[in-house]
Every structure is written in C-alpha cells, then in structure tokens.
C-alpha cells in the first residue's frame, strides 16, 4: 500500500481509482474475484471519486503540506473506526509492538484498553505492571494521555502514546466514580515480561493457578506449575483456575489449556460470513487429561480466549464456573500483513462454544454467581465494563507470574478478602459430598 500511495497522487481521478483497485486486487484473496459486481458498481466508483476529490483538495489547498502517507493512513484509520471496536489498523511500529506483546514481552505500563462513550477505557491492568501497582482499575476512563485528550481517539493511537522506551514517563488523567475530578497518575514505562501463570499450594491438596493472559508459553507454564504442585503434594485433589481480569490472547493456547482437562471433542468453533472463516478446534488428545475437579473463577474482566476457556470447560462439564458474568467478547480477529509493514486486525467470525452458544455480548454465565467483597481488581462501586458497553459492538449472533514453595500465609490473607476464591475452595473441599448428592 505505502509504495503505491505515498507519491503525489493528486491527479487525475481515474488514475487514483485504478491504483485503489489494483491494490485491492493485490491484497485480497477473494473479494474482487468473488464479488466483482459489488466492488465495481456505480456507488463504489462514486465513493472513490469523492475520496479522491477530498484527497486532492487537502494536498493542494490545506494550510500545511501533509505527506500522502499520513493522509492515507488517516483515511484507513477512519474507515476502520466505523466498524466494530475490535477491528484495527496498525502502522509499522504498532504492528511490531503487537507482535512483541503476543510473544510475552513489551515496553509499556501494562493495561488492556478499549473505547467507550468516545473515550479510552481500561478493561484490565496486567498483574504486577506499573499500572496495576499505581492503582489503575478496570473501568477507569482515561481522559488524557500526556495531556492529549483521548476524545474520539483511535485505540491504536492510544496504544502508541502509552508505549515507549523503558524508563520514560507517561501521565494519565483518569476519571473514576468517586473522584471529584480527574486524577493524574504518573507512571514509568517498563519492560513488561508476561509470566502468565502463577500458582500456590493450598491445604487439603488443592492447587490454585492464576492465568493472567494467554501468551506463547502459557500452557507449558501451566503444565510445569501443576507438575511441581503434584510432586510436592503427592497428588492434587482439586484445582482452582483463576481467569479473572484475563483479557485473553492467543486462541491456540486456550485450546491447549482446555485439552489438559478435556479428552476429546470440540473446544470451540468459528463461523464467519465466508466459508473459509468456519473452523473447528478440537481437544488435542496428546496426553491423558487431568481428572481432578476444577473450579474456574471469572468476572467482568475475563475476556476473549479466557472466556472460551471458561465456557468450553463448563460446556464439557469439566469445570464449575464461579464468579460474575464475563466480558462478552466472542468475535474473531484475523491479522493481515499489508505493504510497508502495516497491518490490519479484521473481525471475520464469531466464536461458538461446544454447545453452540456464543459468548458475544452476553458473556459466560457462571454456575454460581458470587460477588466478591474484593473482586480481585474491581472495587465497588466502579462500573464493570463489558463488550455490550463498547461502541459499534456486535450483538450476540444467536440473537441477531511462578512460585515454587508452599505459601499458606498468602493463602490466608487472600482467603479472608476474596469471597469468590473462598467459595471455590470450599466447593472443592466438599467435592465428594457434592458428587454424592448429584449437584454436579
């Protein structure tokens, strides 16, 4: 894209349209070949003429000389912003940053964000990150970043402002229920290494595992933690998997985690507008699954791949889900590499659980709805941000860190403060009684 559109494409209109069509053909596997009539109809040509006219006026008459690349990037970002909240355009630097995040390491303050009511909102801070340590909460509205208003700001523009070199500072002006006026948080960017699995051993041979996100090595970290616990305890009798405020991540890691507990069958499947987006993901069946009972903790910050994990284990009747309704992001983003190192994450399908249920908009409903007195990150009366609160969200398509020693002290402190955790622990302690009376 950049090579063709970074020159002076001011005149004529017909040449501009020709370039646009050639680029579309070069970067699409099906669109024009499959739907040629729709792509080349009169309305499309008319719209391209309008785009060319505006582009020409800006290049020739705007008070400042602007680069063609800036204008084209802005136009693409504007086009993408009219779609759902999870479709995004990435500049080369943003694309590189995104790839580093999925590998489990990046420089920033450690928050997952989205857009709500024209402003940038925190979905969840990353465990142990500068944002989490400073007291940034899920549901916080970020009104300004380095004194730049976020009103109508593109998500990736906000991400670019939040990221930077390690050791540099960034200020956030935050609005929160209970604040008389926005509070300024001054944070120092760090090299965020996402150790996505932490664990501790509880009394009665019960294990606790916290998965904070799904990154490249999440499942291998989980298996290592469970192996250590099992050896120390001479067997695990129950497991709590904490997915609260887990914003998701890599689908293949979610499938692997589910496969640790599910012997066979569909873990999740996708359905899109075109058939090539329809895909089923099955339990991997590479090793005998763990058979001990599992309780999964969720809340409104449990999103995307984390929702799939909780929902799939629930649907397979392999885990009891405890907590509050999850975020509700059930859409699939396919990442396409574009010219000049740019990229686009395009929503192409919806996820469906093995029982045919979509989590889009509605989220995963726990087997036991427990409102925690200290809901891990959420502190009452903060609003709980969910997919349904996001601009341009889709409605449900069905309706249109690792510790290597015992830590009972940490457990006791945690136990007193967290109602959801306490409920899950007592549930596993009483598992044999529950099974005998047919509750589960």
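The values are calculated or read from the model by the stated rules, or taken from the named source; none is laboratory data. Just so you know, these numbers come straight off a predicted model, no measurement behind them. Note that each Cβ is placed from the backbone with ideal geometry, even for glycine, and that neighbours are counted across all protein chains shown.
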**Complete:** Per the filter on segment 246-279, residues out of contact with any helix residue (DSSP H, G or I) (no Cβ under 7 Å at 6 or more places or on another chain), farther than 14 Å from residue 313 by Cα and part of a helix (DSSP H, G or I) are 252, 275, 276, 277
**Message:** Here's a check for you: in segment 99-115, which residue that is crowded, with 17+ Cβ neighbours inside 10 Å and part of a helix (DSSP H, G or I) is modelled with the lowest pLDDT?
**Reply:** 102
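Okay, residues lined up against (1) more than 17 Å from residue 344 (Cα to Cα); (2) at pLDDT 85 or above:
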| site | (1), (2) |
| --- | --- |
| 69 | no, yes |
| 77 | no, yes |
| 82 | no, yes |
| 88 | no, yes |
| 117 | yes, no |
| 121 | yes, yes |
**Item:** Index of the failed condition, residue 354 passing every other in (1) buried (at least 24 other Cβ atoms within 10 Å of the Cβ); (2) part of a loop (DSSP other than H, G, I, E, B); (3) at pLDDT 95 or above
**Value:** (1)
**Message:** Residues to consider are 184, 170; find the one that is outside the structural domain of residue 258 (by TED's automatic domain parsing), part of a strand (DSSP E or B) and over 17 Å from residue 113 (Cα atoms).
**Reply:** 184
**Fill in**
Note on segment 280-336: residues more than 21 Å from residue 215 (Cβ to Cβ), out of contact with any helix residue (DSSP H, G or I) (no Cβ under 9 Å at 6 or more places or on another chain) and outside any loop (DSSP other than H, G, I, E, B) are 280, 314, 315, 336
**Asked** Does segment 166-185 contain at least one residue that is farther than 21 Å from residue 300 by Cβ, at pLDDT below 95 and surrounded by 22 or more Cβ atoms within 10 Å (Cβ to Cβ)?
**Response** no
